[in-house]
1. Report yes if some residue within segment A:337-353 is more than 7 Å from chain B (Cβ to nearest Cβ), in contact with a Ser or Thr (Cβ under 9 Å, 6 or more places away or on another chain) and assigned to a loop (DSSP other than H, G, I, E, B); otherwise report no.
2. Inside segment A:206-251, can you point out the residues that are part of a loop (DSSP other than H, G, I, E, B) and of a type in the set (Gly, Ala, Ser)?
3. Any chance segment A:176-192 includes a residue that's free of Cβ contacts under 8 Å to residues at least 12 places away in the same chain, more than 10 Å from chain B (Cβ to nearest Cβ), out of contact with any strand residue (DSSP E or B) (no Cβ under 8 Å at 6 or more places or on another chain) and on the phi > 0 side of the Ramachandran plot?
4. Identify, by number, the condition in (1) in a loop (DSSP other than H, G, I, E, B); (2) within 27 Å of the chain's Cα centre (by Cα) that B:Leu54 doesn't meet.
5. For segment B:133-177, name all the residues that are more than 30 Å from B:Glu52 (Cβ to Cβ) and of a type in the set (A, V, I, L, M, F, W, C).
6. List every residue pair whose Cβ atoms lie under 8 Å apart, where the two residues are 6 or more positions apart in sequence or sit on different chains, the first residue falls within segment A:201-217 and is within 7 Å of another protein chain (Cβ to nearest Cβ) and crowded, with 17+ Cβ neighbours inside 10 Å, and the second residue, located anywhere, is aliphatic (A, V, I, L, M) and not in a loop (DSSP other than H, G, I, E, B).
7. In segment B:190-209, what count of residues is obtained for those that are assigned to a loop (DSSP other than H, G, I, E, B), within 30 Å of B:Ala113 (Cα to Cα) and either at the interface with chain A (Cβ under 7 Å from one of its Cβ atoms) or among the polar types (S, T, N, Q) (or both)?
8. Restricting the search to segment A:140-163, which residues are of a type outside the set (D, E, K, R) and touching an Asp or Glu at 6+ places or on another chain (Cβ under 9 Å)?
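Quick note: the coordinates plus some simple rules give every number you see, no bench work behind them. Predicted model, so just to flag it, every value in this text is computed and none were measured. Cβ atoms come from the backbone with ideal geometry, glycine included; neighbour counts cover every protein chain shown.
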Amino acid sequence: MSSNKKWFSLNLSNSKTASTSTCGCGKSSGGCGSHSDHQMSDHDFDTAVDAAIGDERKKDGFDQVFDVQMDRRTAFRKLTASLLIGAGAVSSSCSVVADDEAKEKAQIDWEEQFKGNYKLMNDDEKKATVDRLVRSYQIRKGKTLNMSSKDAEKDVLFGYAFNISKCQGYMDCVSACVEENNQDRNSEMQYIRIHEMKDGKGFNFNEADDNYYHEVPAEGHFYMGTQCFHCDNPPCVDVCPVQATWREDDGLVVIDYDWCVGCRYCMAACPYDGRRFNWSTPKVPEAEINKNQHYLGNRMRKKGVMEKCTFCVQRSRAGKNPACVEACPTGARIFGNLLDPDSTIRWVLENKKVFRLKEDLGTEPKFWYFMD
Amino acid sequence: MMNRHILHTLGCIFLFLFALSSCKHGEEEYHSITDKIEAKSKNYHGVTISSEPLIEGIKTIKITEGEHTFLIPERKSQIKQYACTECHSKPLQEMQSNDGAKKAHWDIKLAHADLNTMNCISCHDGDNMDNLKSLTGNTINFNRSYKLCSQCHTNQFEDWKGGAHGKKVAGWAPPRASMTCVNCHNPHQPAFESRWPSVFNTQKVKERE
């Protein structure tokens, strides 16, 4: 029989009898051409092909694969094949032959895939996920990270003040921020925007330039910076469908990059253009990666998630000033604890004429502007 | 009958308690952020985070001005050729008149007010170069040079004391350590120079085309 077949078909059941009701091609009705004892005519062949794949010609995409008639034996055969593939995947992670590192990597990836929302984790779980991420980086890149999962300190509420008469538009803050927070170098993502505005026009964003390149400060202009204002009533948090972003007790509005689904609702909800989206996988040259990281801060992000300024949570929760504050050569940026009555930020709020951007929206940003 | 009455009352109490507790649900306690700051800072007992480890390697001195007490970096050890009297053994007049001899401080150009208002001896004491002097001739220590600046720049001085002018040495956490005037401003040319921005975003240009 197999001598005059038009094509080779794999006969897994090893049945050699021509009397079987089914054949290797998987059709239970009509002729598939493999059982005829004589050479087929062209017409017969076309009918056979039509009977076999006629439907599939009209079907598209998904249906082509799933909406096919098939008998029990074929179904079993296909299932077995997919099971074998699955088993192969499992065996690579469980096999005694594969090296321990590959197994550990698979184990870490598995646990990371199915971990919960960071917001709901207890301290042990937070530590476990951070340890996994550090180990994963170690296995993959051979370098050691220092990643923290430090929670908000009691009696701390972070606030920020920006002196618009001091800012000269040098943008040292922007470059310091990019380096500190491992932002994507390819898309040149920047959390901070410095707007060059005309004197006497007020905050007129329509006429402002946030990507100037000339000697600064330019005559007749002033400069003001925007970034995430860490609103006390953040609209971005309200709209997140998966609660991947929230306000911490110390006032920082943070994102769990592993819980974010990338819907960008928050980006649309933010009235201050404070949020950024990773359209591609963020890339930072290995030598430039800041290895002092925080889970909610500057750890490496992936494609398709939101990110934004976190007031450098990895620094601020360790008592340091955010990178932008430290980098500013003019002292235009003031950062501190709003709950400490002796802090400098409190003195600014109580003694300078401060205002906030779009105050009437009720978002209660914790970012104030003032003048000398 | 009595039992039913008691059950009814109990039920009402539970319902009332439930309603009370659920009323607060999801609502903020405070009307505005200023209310929140005011209320929450009433019971402020300090934080466990400290800036001390961050300023460990920096020599500081503690100053008290008005109601503000804070640290500023020590200055004298940062001046390369202190003490000045190691060279300035004679009064300034005699050293300057000595033409043809070695010149010192040739790189210093004074761009601070105009020469009607200020010259070297407006701040330096020609008779005692190891110290500065005020407008009225009182001695001012190099470590407290801000006292010199504050003679004219009174507004800046007020802002600096409170923390609205200038930078912190390291972190936000107490103890407060602030830079002093000369840590950012060159006293001989105190203005900030104009220069080019440190970054330019080429992607932003493409996106907006």
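1. The answer is no; no qualifying residue exists.
2. Looking only at segment A:206-251, we keep the residues that are part of a loop (DSSP other than H, G, I, E, B), and these are A:206-208, A:210-215, A:217-220, A:227-234, A:240-244, A:248-251.
The answer is A:Ala208, A:Ala218, A:Gly220, A:Ala244, A:Gly251.
3. Quick first cut of segment A:176-192, residues free of Cβ contacts under 8 Å to residues at least 12 places away in the same chain only: A:188.
Remaining after also requiring more than 10 Å from chain B (Cβ to nearest Cβ): none.
No, because not a single residue in segment A:176-192 is free of Cβ contacts under 8 Å to residues at least 12 places away in the same chain, more than 10 Å from chain B (Cβ to nearest Cβ), out of contact with any strand residue (DSSP E or B) (no Cβ under 8 Å at 6 or more places or on another chain) and on the phi > 0 side of the Ramachandran plot.
4. So B:Leu54 meets the others, but not (1).
5. Answer for segment B:133-177, where residues must be more than 30 Å from B:Glu52 (Cβ to Cβ) and of a type in the set (A, V, I, L, M, F, W, C): B:Leu135, B:Cys152.
6. Close Cβ pairs (under 8 Å, with a partner that is aliphatic (A, V, I, L, M) and not in a loop (DSSP other than H, G, I, E, B)) amount to A:Asn211/B:Val205.
7. The initial filter retains those residues of segment B:190-209 that are assigned to a loop (DSSP other than H, G, I, E, B), namely B:190-194, B:196-201, B:208-209.
In the following step, the residues that additionally are within 30 Å of B:Ala113 (Cα to Cα) were identified as B:190-194, B:196-198.
With either at the interface with chain A (Cβ under 7 Å from one of its Cβ atoms) or among the polar types (S, T, N, Q) (or both) added as a condition, the list becomes B:192, B:194, B:196-198.
The qualifying residues number 5.
8. Quick first cut of segment A:140-163, residues of a type outside the set (D, E, K, R) only: A:142, A:144-149, A:152, A:156-163.
Residues satisfying the conditions are A:Met147, A:Ser149, A:Ala152, A:Val156, A:Leu157, A:Phe158, A:Asn163.
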